[in-house]
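The values are calculated or read from the model by the stated rules, or taken from the named source; none is laboratory data. Keep in mind that what you see is a predicted model, and the values were worked out from it rather than measured. Please note: Cβ atoms are built from the backbone with ideal geometry, for glycine as well, and neighbour counts cover all protein chains shown. These area figures cover heavy atoms from the full protein model, side chains too; ligands, DNA and RNA do not enter into them. Shrake-Rupley method; radii C 1.70, N 1.55, O 1.52, S 1.80 Å.
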Amino acid sequence: MPANMPTPGADSLHLRPLHLPDPPGFWPPAPGWWLLLAIVLLLLLSVWLLIKYQRRSGFRRAALKELEQLQQSDCNDIEFLATLSTLLRRTALVAFPASDCAGLQGKEWLMFLDDCWKEDAAFTSGPGKILGVGPYQRQPEYDRQELLTLCRRWLKKLPTPRRVK
């Protein structure tokens, strides 16, 4: 049979041409796009929170790095104690309001250092008590490594401040 010849009975069915559905619209997106949007938003929120945390805890990392440099330096005992005390005071001024720690000296400063972590009295009656009087003595006697370990633990346990200046 030739190709352009109608098939018998086609006229009797009265078929209409095929009507295709409208193409899908732009809105609302498919569920996969909603899921992708949620994942992207969660990733952006996570990155923002991570950056915020890094900025807020950067003072601690800087203080620990400075402590490591102090440990490797060849300064004498009096310079070492004075530098270490200054480092702790600068770090405390970042982590706490200045009204809490700026004017403290001697025993009150050591009590403040002990109160910050509430573990023991390592600064008032332990190896840290040398920080109160050591910089003013001619030949302070102390264990440098034990004092560095104590200060490192204190720096790591400092609270993260609410706002970074």
Run down 145, 139 and say which single residue is in a helix (DSSP H, G or I) and surrounded by fewer than 13 Cβ atoms within 10 Å (Cβ to Cβ).
145
Residues being over 32 Å from the mean Cα position of the chain (by Cα) and of a type in the set (A, V, I, L, M, F, W, C): count how many of those fall in region 121-140.
1
Positions within region 148-165 being modelled with pLDDT under 85 and open to solvent by 50 Å² or more (accessible area, probe 1.4 Å), in sequence order
159, 162, 163, 164, 165
